[in-house]
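Below: the structure, in structure tokens.
The values are calculated or read from the model by the stated rules, or taken from the named source; none is laboratory data. Just so you know, these numbers come straight off a predicted model, no measurement behind them. Glycine also receives a Cβ, built like all others from the backbone with ideal geometry; neighbour counts cover every protein chain displayed.
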Amino acid sequence: MMFFEVKNIVKHFGGLAAVDDVSFNVKEGEILGLIGPNGSGKTTIFNLISNYHKPTSGTIHFKGKDITRLKTHKICRLGIGRTFQVVKPLGRMTVLDNVIAAAFSRTNTKHEARDLAFETLGFCGLAHRKNIPAKSLPIGERKRLEITRAMATRPDLLLLDETAAGLNPSELDTAIDLIKKIRGKGIAIIIVEHIMKVIMTISDRIHAINFGQTIAEGTPLEVANKKEVIEAYLGEEYAQD
């Protein structure tokens with residue numbers, strides 16, 4: 001049984017094929033990098049997995065279950081957590097209360113949600129910020145809060161959407177360490193990221209797309225040397241036969 005599989009997924013917005021017959025899989029505990037130029041369909045794929053958008057065709061399976069048209073909150077409860085490219089914490093609530101709100105996806109009591117929130121804040125390195133309003137956090141810690149909230153849903157598969165964007169070098173190293181730590185818990189990850197230091201450092205495999213279609217898949221080194229990938233990122237003049 002495949003742990004997670006996207007098969008022949010298609011999404012049309014009017015006459016535009018934002019995602020066009022994309023297939024890939026993820027193994028338990030694996031990190032898959034999903035790369036492509038801006039507008040290539042990466043976040044749309046995340047939205048299809050989470051059922052924020054319904055696919056035009058194709059299927060998505062998780063732990064043997066077809067989740068293609070399952071409601072978003074049920075997908076979360078099955079064990080798929082995600083972050084968002086544009087972070088929007090509950091600004092007037094404390095960091096702790098933001099995480100408690102996320103924890104309620106996995107528990108029905110405030111006591112259990114609070115315990116889970118404290119545990120997750122400690123794991124993600126935000127326990128010292130628990131009592132301040134989320135809107136007071138700088139961008140690096142807002143990004144980490146986004147990951148913390150996703151982790152409070154107790155995912156077996158975590159979708160990370162540009163969690164390193166806007167970080168300084170020190171924050172970038174901290175983010176990489178946290179992602180490795182999450183994988184150390186046995187959690188599989190699909191990461192969308194433009195910063196090649198992140199993708200090349202942590203990915204086991206990379207799936208590259210452009211104009212909504214797959215152009216390459218393989219190890220980071222294999223994909224980085226693919227002519228189609230070089231053309232997509234740098235232009236044809238940089239690609240050699």
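So, in the stretch 103-121, of the ones that are within 19 Å of residue 185 (Cα to Cα) and among the hydrophobic types (A, V, I, L, M, F, W, C), which residue ends up surrounded by the fewest Cβ atoms within 10 Å (Cβ to Cβ)? Step by step, filter the stretch 103-121, then rank; the result is 118.
Scanning the stretch 5-44 for residues that are hydrophobic (A, V, I, L, M, F, W, C) and either in contact with a Phe, Trp or Tyr (Cβ under 8 Å, 6 or more places away or on another chain) or in contact (Cβ under 8 Å) with a residue 60 or more places away in the chain (or both) turns up 6, 17, 18, 19, 22, 24, 26, 31, 32, 34, 35.
Here 159, 178 are screened, and the one residue that is surrounded by fewer than 21 Cβ atoms within 10 Å (Cβ to Cβ), under 28 Å from residue 115 (Cα atoms) and aliphatic (A, V, I, L, M) is 178.
Looking across the stretch 52-78 at every residue that is part of a loop (DSSP other than H, G, I, E, B) and touching a residue at least 60 places away in the same chain (Cβ under 8 Å), the one that is surrounded by the fewest Cβ atoms within 10 Å (Cβ to Cβ) is identified as 64. Kindly indicate whether any position in the stretch 140-149 is farther than 14 Å from residue 90 by Cα, of a type in the set (Ser, Thr, Tyr), in contact with a helix residue (DSSP H, G or I) (Cβ under 7 Å, 6 or more places away or on another chain) and surrounded by 15 or more Cβ atoms within 10 Å (Cβ to Cβ). Scanning the stretch 140-149, I find no residue that is farther than 14 Å from residue 90 by Cα, of a type in the set (Ser, Thr, Tyr), in contact with a helix residue (DSSP H, G or I) (Cβ under 7 Å, 6 or more places away or on another chain) and surrounded by 15 or more Cβ atoms within 10 Å (Cβ to Cβ), so the answer is no. Going through (1) touching a helix residue (DSSP H, G or I) at 6+ places or on another chain (Cβ under 8 Å); (2) assigned to a strand (DSSP E or B) one by one, residue 164 falls short only on (2). Among residues of the stretch 79-99 being at pLDDT below 95 and aliphatic (A, V, I, L, M), the one that is surrounded by the fewest Cβ atoms within 10 Å (Cβ to Cβ) is 86.
Of the residues making up the stretch 171-202, those that are closer than 22 Å to residue 149 by Cα and among the hydroxyl-bearing types (Ser, Thr, Tyr) number 1. Selection within the stretch 29-56: residues that are modelled with pLDDT of 95 or more and either of a type in the set (A, V, I, L, M, F, W, C) or in contact with a Cys (Cβ under 7 Å, 6 or more places away or on another chain) (or both). The member of this set that is nearest to residue 84 (Cα to Cα) is 46. Do the conditions hold for residue 167, that is, is it out of contact with any Leu (no Cβ under 9 Å at 6 or more places or on another chain), aliphatic (A, V, I, L, M) and either over 22 Å from residue 33 (Cα atoms) or free of Cβ contacts under 8 Å to residues at least 60 places away in the same chain (or both)? So residue 167 passes the test. Within the stretch 193-210, identify whether any single residue is modelled with pLDDT of 85 or more, part of a loop (DSSP other than H, G, I, E, B), touching a helix residue (DSSP H, G or I) at 6+ places or on another chain (Cβ under 9 Å) and under 30 Å from residue 118 (Cβ atoms), and answer yes or no. Among the residues of the stretch 193-210, at least one is modelled with pLDDT of 85 or more, part of a loop (DSSP other than H, G, I, E, B), touching a helix residue (DSSP H, G or I) at 6+ places or on another chain (Cβ under 9 Å) and under 30 Å from residue 118 (Cβ atoms), which makes the answer yes.
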